[in-house]
Structure formats: C-alpha cells, structure tokens
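Working notes, structure below.
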Amino acid sequence: MIATLWTNARIVTADGSIDRAPEAGALEVLTQGGRIVAVGPGLARDGHRIVDCGGRLLTPAPVDCHSHIIFGGDRANEFEMRLVGVPYTQIAQAGGGIKASMRATRAMSVEALVAASLPRLDHLLAEGVCTIEVKSGYGLSVAAELTMLRAARALGHARQVRVCTTWLAAHALPPEYDARPEAYIAEVAIAGLEAAHAEGLVDAVDSFCEGIAFTPAQLAPLYDRARALGLPVKIHAEQLSHLGGTAFAARYGALSADHLEHATTGDAQAMAASGTVAVLLPGAFYALRETVLPPVAAFRAAGVPMALATDCNPGTSPLTSILLAMNMGATLFRLTVAECLLAITAHAARALGLQDEVGRIAPGLAADMVLWDAETPAQLVARIGFNPLHARIFQGEVVA
Ligand SMILES: [Zn+2]
C-alpha cells in the first residue's frame, strides 16, 4: 500500500501546546492505510506519493463533539417568540422546545430523518469536520429513540464521516409521562438503552440535568445502568441553573459535562479529578442571549480541558458551523486562539473518548486532517462567516 507524504505545509499538530504557527515545511506528515505513520522534519521520500500543500495550514480535522443534528421539523417560530421576550422556560412549558421537535421527529422514518439531517451534516463537512457526535433525544419513546440512532448510524454510511452515537432519552419528559419522571427513566430511558445497546447503537449515554428536565437523583438509576453496561456517560449540566449535575456526572467518570454556564469552581475541581472535559456551547449561549459566562478561568486553573461544539439543534443552537463555534468561543468566552483550536480537535476528541483515534496529527491516529487557505490558526478563528477550507482529508484521502 502506497504511503503519502504531505509536504510544504504549516502543520499544527494539536499534540501538546500550540505556541505559534510553524513555518511551511518545518514538519511533514506521512500517512498510509488511512493512518498517520510519522510526523517530523525531513521524512524519507522514496516510493511515496508526494502532496505539495503549497504552504497552507494543515490541522487535525475538526471534531463536533456535541450535536443534535437529527430532528424533525423546524422551530423558527420559537425564535420569533423569543425576539419579543418570551423566555425559553415558558416556551418549553407551553409545549414548545424539545416537545415540539418530539412531535415532528416521532412522525418520521429513519430514511426521512436522514434526508432531513444530511444538509446540516454537509454544512459541517464543508468546514472539514471528520467526526461528529449525534444524540438521540427527540423521540422520547423507546421506538422513536431507536429510530433516531439508526438514522445517526445511517449518516455515517451516507457520507465519509465518523459518527459517534449518544443515547439521550433523558432529554425531556414526554406528555404521556407527565409528573412521572421516575417511570419514564425506568420504562423508556433505561429499557430503551438496553435495547439500543443490544443493537449496537450506543457509544455513550447523556442526559439533560436541569429544572425543566431531570434531577441527579432521578438520573442515578440510568447512570448506574450505563456503568453496568460498560458505556461512558456525559451530561448537559448547569446551563440554566446550578442543579449539581456536573459533580454527579463526575462521580461516574463522565467523558464530558456540557454547557456549564452556572458551574462553580468546585465543579471544575471535580471535573479535573474525574478527567471530565468541559464542553462549552457558545451557540446556545448566543441564541438564548445568556449573560452568565462559563467559569473559564476556573477550568484553566484546575486544568480541565475545554472543548467547543455546535450543539446543532432546532431551537436553542441552530448552528452548523464549527468555525463560528470557535469564533464565538473566543469572542464570547474569551478563549485564546490556541484554546479554540484545541477545543475543536484534541479536546473534542477526548470528550468522545477518541483521544487516541482522532483530534491530533500524531503517529497511530486516523489521518483525518484539513488543509486551509490560511497561514495561522488565528486566521481560522478571527473571521465570521468565512470558510477557508482547501481540502478535507478523511482517513488519508482528500474527499469532496
Ligand atoms: Zn445539547
């Protein structure tokens, strides 16, 4: 099998700290069989296919580590309501929000959900994304949640992209379980998890821990079951209030805790101890016009890796740009350029438990990389609504 040598690129490996953009050609990358074989200066050329990268910036391919990209319907009407001052909690209680998406999603087949989701996925792929996490959570019945994850797996066959699936039945309480959250967790979230896991549909288990969703005590049986099945867990926590979801999930060694606007220094320390990644979601912060910032300084001080993701969803973060997520991470949360790039590569991979598979340009990892019409990472982060992608490289091959 022929190897490919990627030469004359400014390579940011995201493998360790990012201090400055290197000179073109200071490093080269050798790939073979879809994997990165070697990274270094002056690699041997004999017998290799040579790709001259023209002095462009080469980075690990972006990883979108938090998305709800599969859903039915549209919630632009709620956007209009929020514009005239109706709060999200009131929209949710009036049957909007997640429940509106539930009604539309339940009415759709696997094929219809795939067709509805592909345009959103294609936007992300056009910005170089090679790995995406896809959550269930709009079916809210065993059958409809399974349908969503079958559609997620199908997306991974429809395009050249790596899909990680997350069981998020504990996203909202459907009307038929009104005031019976414990029964919903047992009969849908846990029973459905077992069925989905048996079908090979689940890579991780997630929940929405919030006053309008579930408490840590209600979620404990689900997380106990995930642990018994050997599945990693994550959590949506401290987005609208501080309910203790972060510390709860840290006790289960969560891969990530996500949103975190209302997290505390104590939460950051718990996350550091459990190796949990802080996944920051500036698209939701922006769309909800949130004013409380996530405790970035506390995450830095505790050494908690920070990731950024689109949180692509029909209501609170209708965002299909990982580049804009980076720009918002810098502009709204004051992350540095280096933190932003790590946040969509190495740290995003860690949030999915894939740190030894993707997210860095390092020997042994998948050869998922992007060649940008840029010279520095700052040029990727600074601009708004501009896509400088030159080539998306998935498993060592340039793909459309
Ligand atoms: Zn989410």
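The values are calculated or read from the model by the stated rules, or taken from the named source; none is laboratory data. Here the structure is a predicted model, which means the values were calculated and not measured. Reconstructed Cβ throughout: ideal geometry from the backbone, glycine too, with neighbour counts over all protein chains shown. With ligands, DNA and RNA removed, areas are computed over all heavy atoms of the protein, side chains included. Shrake-Rupley method; radii C 1.70, N 1.55, O 1.52, S 1.80 Å.
Worth pointing out:
- Among (1) closer than 16 Å to S67 by Cα; (2) polar (S, T, N, Q); (3) open to solvent by 10 Å² or more (accessible area, probe 1.4 Å), the one test that T345 misses: (3)
- Counting only strands (runs of 3 or more DSSP E) that sit completely within region 301-400, those holding 3 or more residues that are in contact with a strand residue (DSSP E or B) (Cβ under 6 Å, 6 or more places away or on another chain) correspond to 306-308, 369-372, 389-394.
- Just one residue in the set G315, G283 is under 28 Å from F79 (Cα atoms), among the small types (G, A, S), modelled with pLDDT under 95 and within 12 Å of the ligand (Cβ to nearest atom); that residue is G315.
- Test: P181 is surrounded by fewer than 21 Cβ atoms within 10 Å (Cβ to Cβ), away from the ligand (no atom under 16 Å from the Cβ), more than 23 Å from T310 (Cα to Cα) and in contact (Cβ under 8 Å) with a residue 12 or more places away in the chain: yes
- Some residue of region 316-331 being open to solvent by 40 Å² or more (accessible area, probe 1.4 Å), under 16 Å from the mean Cα position of the chain (by Cα) and not basic (K, R): yes
- Taking first residues from region 252-267 that are aliphatic (A, V, I, L, M) and open to solvent by 10 Å² or more (accessible area, probe 1.4 Å) and partners that are assigned to a loop (DSSP other than H, G, I, E, B) and more than 14 Å from the ligand (Cβ to nearest atom), the Cβ contacts under 6 Å between residues at least 6 apart in sequence or on separate chains come to L255/P232; L255/G353; A263/P295.
Here is a yes/no grid of residues against (1) away from the ligand (no atom under 16 Å from the Cβ); (2) within 24 Å of A349 (Cα to Cα):
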site	(1), (2)
D206	no, yes
E210	no, no
P216	yes, no
P221	yes, no
R225	yes, no
L229	yes, yes
I235	no, yes
E238	no, yes
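- Among the residues making up region 207-229, a single one is buried (at least 18 other Cβ atoms within 10 Å of the Cβ), modelled with pLDDT under 95 and among the small types (G, A, S): A213.
- Residue, farthest from the ligand (Cβ to nearest atom), within region 255-280, restricted to residues that are over 18 Å from the mean Cα position of the chain (by Cα) and in a loop (DSSP other than H, G, I, E, B): T264
- Among residues of region 29-55 that are loosely packed, with under 11 Cβ neighbours inside 10 Å, those with a Cβ under 7 angstrom from a residue that is part of a loop (DSSP other than H, G, I, E, B), sequence gap 6+ or separate chain, pair up as P41/A26.
- Within region 286-300, being part of a loop (DSSP other than H, G, I, E, B) and within 16 Å of the ligand (Cβ to nearest atom) holds for L288, E290, P294.
- Identity of the residue in region 144-165, among the polar types (S, T, N, Q) and not in a helix (DSSP H, G or I), that ends up surrounded by the most Cβ atoms within 10 Å (Cβ to Cβ): T165
- Here G245 meets each of (1) of a type outside the set (D, E); (2) out of contact with any Asp or Glu (no Cβ under 7 Å at 6 or more places or on another chain); (3) within 16 Å of the ligand (Cβ to nearest atom); (4) within 17 Å of D206 (Cβ to Cβ) with one exception, condition (2).
- Close pairs from region 190-208: first within 22 Å of P174 (Cα to Cα) and free of Cβ contacts under 8 Å to residues at least 40 places away in the same chain, partner assigned to a helix (DSSP H, G or I) and away from the ligand (no atom under 16 Å from the Cβ), Cβ under 6 Å, at least 6 apart: I190/L222; I190/R225; V205/A226
- Residue match in region 173-196 (condition: among the β-branched types (V, I, T) and closer than 20 Å to S67 by Cα): no
- For the residues A115, A107, the requirement of being surrounded by fewer than 21 Cβ atoms within 10 Å (Cβ to Cβ), free of Cβ contacts under 8 Å to residues at least 12 places away in the same chain and over 19 Å from the mean Cα position of the chain (by Cα) singles out A115.
- Output for region 235-254, where each listed residue is under 16 Å from L281 (Cα atoms), assigned to a loop (DSSP other than H, G, I, E, B) and among the aliphatic types (A, V, I, L, M): L240
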